[in-house]
Amino acid sequence: MRILLVGNPNVGKSALFSRLTGIHIIASNYPGTTVEFTKGYMKLGEEQAEVIDVPGTYTLEPTSKAEEVAVEMLKDGDLVIDVVDATNLERNLNLTLQLLERQVPVIVALNIWDDTRHRGINIDVAKLEELLGVPVVPTVGVTGQGIKGLVRRLPEAKVPKTAYSGSSSDERWARVGNIVSQVQSLSHRHHTWRDVLEDVSDHPVGGVFIALVVLLATFWVIRLIGESIIGYVTDPLFEWLWTPLLMKVSLALGSGGFWHSVLIGNLIAGGIDYFQSFGLLSTGFYIPLGAVLPYIVSFYLALGILEDVGYLPRLAVLMDTLMHRLGLHGYAIIPTILGFGCNVPAVMATRILESRRQRFIAATLISIGVPCAALQAMIIGLVGQQGGQYVAMVYGSLFASWVIIGLILNRIVKGFSPELLVEIPPYRLPPWRVIGEKLWLRVSGFIKEALPIVLSTVLVVNILYTLGVFDAIANIAAPIVSGLLGLPKETVVALVIGFLRKDVAMGMLAPLALTVKQLVISSTVLAMFFPCVATFVVLFRELRTRDTLKATGIMVAAALIVGSLQNLIL
Amino acid sequence: MTMHQGRQLTLRQMEIGQTGTVIGILGGRGLMRRLEALDIRPGKKVTKVSSTLFRGPVTLRVDNAQLAIGFGMANRIIVEVG
Ligand SMILES: Nc1nc2c(ncn2[C@@H]2O[C@H](COP(=O)(O)OP(=O)(O)O)[C@@H](O)[C@H]2O)c(=O)[nH]1
Ligand SMILES: [Mg+2]
């Protein structure tokens with residue numbers, strides 16, 4: 001038995017999915033959070049039923065890639081839970097009627113029921129049920145209200161007797177209008193805090209002001225929280241607990257030899273230096289847990305709040321004009337912002353863009369100009385030691401490249417870029433529990449996925465180093481790296497390792513005693529040069545081979561040009 | 001469409017806060033379909049909420065939903081204001 005959750009974007013499908021299956025997945029207050037389906041299971045009587053969270057769609061005649069996925073999946077469903085936003089009945093029912101025309105049993109979840117009252121919307125549920133000919137259950141995805149009733153009535157889902165198959169869209173809208181006029185009545189609504197806030201952020205000048213305040217505050221909070229976690233939690237833990245333990249291990253291993261260099265690495269001035277020692281247990285643990293994790297926590301906390309409040313689509317509207325120049329539209333800002341966490345979900349999120357051209361440009365620009373949180377944490381850690389202005393140079397170079405390459409791609413990439421057309425969700429006050437669950441989901445995801453890869457990368461580095469492979473690579477690439485970029489030939493090794501993990505690659509720069517200028521150049525080049533392997537895999541999946549190769553060519557060329565320019569100018 | 005009843009404008013030309021009825025969309029089938037899916041279609045009442053500087057999007061209210069529409073598209077949606 002396969003149950004599909006189908007509905008418009010941003011109506012609470014993912015929230016209901018979490019409630020039904022107990023599996024927590026990312027839900028956010030903007031259209032397009034779920035671009036790929038997620039599968040889970042629930043008990044239905046004695047049976048184990050599969051539940052699928054389908055990407056949101058306004059219509060069964062798809063207009064974007066995410067919508068195509070949704071329509072494709074409908075073919076394999078045994079039962080559809082049609083999730084309807086009770087505060088936008090008319091538009092949502094149009095999809096409902098399209099679903100009812102397919103020969104598949106449907107039950108309607110009338111979600112966001114809690115919001116109807118203070119919006120002055122009254123819906124006669126029994127009447128709606130009668131007119132549609134399928135069960136209708138009011139639900140509240142964020143609190144779980146009504147979910148039991150929904151589950152209890154699942155077996156009643158059916159294909160209505162009065163299904164009008166193959167009706168034209170005008171006929172369908174007429175039927176929707178007829179139903180809405182019979183079941184919905186509107187009463188006076190109160191002007192609330194969010195009406196005021198929405199008015200200000202929609203105002204052309206007020207909106208820009210709010211955007212600046214929001215973005216500055218976000219950066220400030222991310223830094224403050226990240227630094228505090230490092231200063232008060234992780235560094236003390238490493239220093240007072242982990243270091244003494246490692247020193248004992250080091251002694252037990254006789255302070256040298258093969259195992260010592262793999263596990264502990266080099267002792268620096270008789271002790272462990274978490275950036276330089278490069279053993280599995282020293283640097284291998286410190287990079288993901290000590291240096292990167294604190295910023296993952298602070299970044300995703302800030303992102304989660306921005307997402308759930310519903311601010312991002314408003315930012316998209318403000319950014320639209322700039323993004324147009326880059327061959328995109330404002331909504332591309334959402335994958336871009338996700339990229340500051342991790343490029344993998346960011347490239348996947350480019351599916352919310354309508355055309356292939358937009359997806360190519362967006363994915364390429366993200367891979368070039370948007371450093372992930374892990375890389376940023378290491379840049380802040382290493383380059384930041386030398387002074388904030390150097391960190392600013394790296395970010396400035398990346399931002400300039402992002403803009404300039406976008407301007408160029410807009411000129412040369414063939415194809416069509418449709419304009420922005422998107423729903424702006426209402427501001428919502430997200431419950432802290434929801435924010436916390438989402439943060440935990442992303443942080444534990446990072447630990448599960450990144451830790452093993454970081455450890456393997458450090459291991460590989462050690463083995464290749466012992467085998468002398470690195471010397472060979474360094475010698476081959478020396479002319480480019482030294483000649484063009486003005487870097488010592490050993491930095492090549494770090495660039496190569498950047499393919500596995502960019503944070504580890506940054507860590508490999510630490511022992512090289514680079515000048516500040518070299519540090520700026522190598523971090524910029526490392527960020528732009530090549531995506532990490534995980535991003536590379538999704539690029540292949542999203543763009544196909546030819547476009548991925550093109551994108552990669554652009555990245556390599558851009559990195560070399562920007563690095564050489566920095567070498568000349570700085 | 002009945003004529004002489006009100007002024008016909010594009011969304012772009014509407015004033016902020018003004019309400020009008022969509023009477024036509026100048027554009028191909030694809031555009032019509034995208035707009036229709038969002039419940040912007042002839043006969044529908046829309047209220048302009050804001051416009052953005054530098055040829056940016058127009059935002060509208062349609063029933064309870066708020067939508068942002070790119071500059072070019074906003075120029076191709078014709079409304080009649082009373
Ligand atoms: N007030 C209210 N908010 C909800 C409800 N269900 C979901 N939300 C919020 O609406 C937004 C969209 O939910 P999500 O599950 O991501 O929607 P999806 O795009 O359909 O998967 C999120 O911010 C949710 O927290 C509900 O019943 N009431
Ligand atoms: Mg979702």
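Listed values, structure above:
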read-out	value
For the range B:7-81: rounded, prolate or oblate by the Cα gyration tensor [a/c cutoff 1.5]	rounded
Filtered chymotrypsin sites (Phe, Trp or Tyr not before Pro), the range A:413-487: DSSP coil and at most 13 other beta carbons within 10 Å	A:416
Taking chain A and dividing mean pair separation by its residue count, relative contact order in percent (alpha carbons under 8 Å, at least six apart)	13
Euclidean distance between Cα centres, the range A:30-74 to the range A:513-558, Å	33
Percent of Cα-Cα distances greater than 18 Å, calculated over the range A:291-402	53
Per-residue average of Cβ from other chains inside 10 Å of A:61-68	2
Computed over the range A:2-186: relative contact order in percent, which uses C-alpha pairs under 8 Å that are six or more apart	22
Spatial separation of Cα centroids for the range A:89-153 and the range A:398-468, in angstrom	35
Eligible lysines near residue A:550 by straight Cα distance, threshold 17 Å, same-chain separation 8 or greater	A:414
Kirkwood hydrodynamic radius of the range A:260-307, Cα pairs, Å	11.8
Partner chain coverage, peptide A:50-60 - average Cβ within 10 angstrom	1
Loop-exposed trypsin sites (Lys or Arg not before Pro) per DSSP, neighbour cap 14 Cβ within 10 angstrom, longest uninterrupted part of chain A	A:190-413
Per principal axis, descending, Cα span of the protein assembly as shown in whole Å	86, 59, 45
Antiparallel bridge percentage (DSSP; both residues within chain A; nearest 5)	45
Partner lysines for residue A:517 [C-alpha distance under 29 Å; skip if fewer than 8 residues away on the same chain]	A:489, A:502
The range A:1-146: radius of gyration and largest Cα-Cα distance (Dmax), Å	14.1, 41
Fewest-first sequence of A:471, A:320 by Cβ atoms within 10 Å of each Cβ	A:471, A:320
Taking N as its residue count, the alpha carbon Rg of the range A:429-539 over 2.2 N^0.38 Å	1.31
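We did not get these values from a lab; they are worked out from the coordinates using the rules stated. All values reported here derive from a predicted model rather than from experimental measurement. Cβ: placed from backbone, ideal geometry, glycine included. Neighbour counts: every protein chain shown.
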